[in-house]
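What follows is a short report on a single structure.
Readers should treat all values here as calculations from the given coordinates under stated rules, not as data from a laboratory. Because the structure is a prediction, the values reported are computed rather than measured. Here Cβ is always computed from backbone atoms with ideal geometry, including for glycine, and neighbour counts include all displayed protein chains.
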Amino acid sequence: MAHTLPSSDQSSDQDKWDSGGLECKGQLLIKIVMRNRLTALVVDGDTTCWVLEQELLHSYGVQTLGVDNSRDAVDLIASDAEFNLIIIEKILPVLNGLEVTRQICEIGVHCKMLEVTACSGESERQAFLAIGVDVFIEKPLDPEHLVPILREVDGQ
Amino acid sequence: MDRNRLHNQVASMRRSLFDQGYLDDQFIQLEELQDDTNPNFVQEVVTLFYNDSTRLIQNIEQALNSRPIEFCKLDDYMHQFKGSSSSIGAKKVTNECTAFREYCNAENAEGCIRSFQQVKQEHAILKRKLEVYLQTVRQASQTA
């Protein structure tokens, strides 16, 4: 089980650790210490995935907001809600993931965007990357892919 | 049944689910996300999956019965099914979803219909096995 510590008041402890020492592997959940309280928006129409992805993020101390359709996602971003990370599924109610990603990017979002989807061909992968998705991950979202992204967003 | 025997039974059932290919490592991730603040997480997610996937199965059946068959719609439904089944570590179900999508991409209606029977079969088998396993886990935790 991953544990997180509050951020800056732990900096003296953090100084004692080497660059790789913050990380040790449990069975599957990679344990890391976050410096900051990150926030993430999870956009997925499938409730099982929506719950799981948020719980995985919670285990790393990430605060999440979940929406189950593209319209709510776009409205949220258009209302100036800010996140460190946005996770989007390709197949969504209302608009597909590609279109909602395009609209979110056009609004001018500056955060890490992850496309997390069941499967896709190379052309679709390239289409998402071309419109501004940073990382394309095949489901299920796992610590092996997530942790490096969290560490990067956390400035580690 | 005494505590040790129950715990041994849980371990044996769990091992069997992995050895026989019904579950993969993703299920371990579910177990690792369960803790004192979320003590029933695995059961809750499995229940959620079966509620969602039952609805998806109905949608797929309707789509397969419609004429002409809308393969794009079918593919979207199965994409979602595959996503949720892979997310709980339902290995055999996920594999059957992949096989179905291949028939769907080829617009092979008969292949889709046959493949869908396999999806439903694996879905039902896993449901029964998980119900028994999780019930045994609950019994074992009550004797802990």
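Structure data summary
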quantity	calculated
Shielding by other protein chains, B:52-64, mean Cβ within 10 Å	1
Spin-label model distance (nm) - residue A:123 vs residue A:138, 7 Å beyond Cα toward Cβ	1.9 nm
Chain B: most fluctuating residue of B:14, B:101, B:114 per GNM, C-alpha cutoff 10 Å	B:114
Backbone HN-Hα couplings from phi across the range A:140-152 [Karplus 6.51/-1.76/1.60, Hz, Gly and Pro as x]	x, 5, 10, x, 4, 8, 6, 4, x, 5, 4, 5, 5
Size of electric dipole in chain B: Cβ of Lys, Arg +1 and of Asp, Glu -1, about Cα centre, debye, nearest 20	500 debye
For A:110-118, mean number of other protein chain Cβ atoms within 10 Å	2
Sum of -39500 (n - 2.57) over DSSP H runs of 4+, divided by residues of chain B (222 nm, nearest 500)	-28000 deg cm²/dmol
When each of B:91/B:127; A:31/B:92; A:112/B:91 is checked by Cα-Cα distance, pairs over 23 Å	A:31/B:92; A:112/B:91
Extension reserve of the residue B:54-residue B:69 stretch, reckoned as 0.36 nm per residue once the Cα distance is removed	3.4 nm
Calculated FRET value between residue A:36 and residue A:78, using beta carbons and R₀ = 22 Å, to 0.05	0.30
Shielding of B:97-107 by partner chains, average beta-carbon count, 10 Å	1
Ranked packing of A:101-109, A:123-131, most packed first, by mean Cβ within 10 Å	A:101-109, A:123-131
Tail fraction, Cα-Cα pairs, the range A:35-154, threshold 19 Å, whole percent	39 percent
³J(HN,Hα), Karplus 6.51/-1.76/1.60, whole Hz, each residue of the range A:103-117, x for Gly, Pro	5, 5, 5, 5, 5, x, 6, 10, 8, 6, 10, 10, 9, 10, 9
Spin-label model distance (nm) - residue B:107 vs residue A:96, 7 Å beyond Cα toward Cβ	1.6 nm
Aspartates and glutamates whose Cα lies under 13 Å from that of residue B:82, excluding same-chain neighbours fewer than 8 positions away	A:46, A:89, A:138, B:52, B:96, B:102, B:122
Built amide H within the under 5 Å cut-off of residue A:91, gap 5+	A:97
Relative contact order (%) - the range A:35-154, alpha-carbon pairs under 8 angstrom, separation at least six	23 percent
23 Å tail of the calculated P(r), the protein assembly as shown, as % of Cα pairs	59 percent
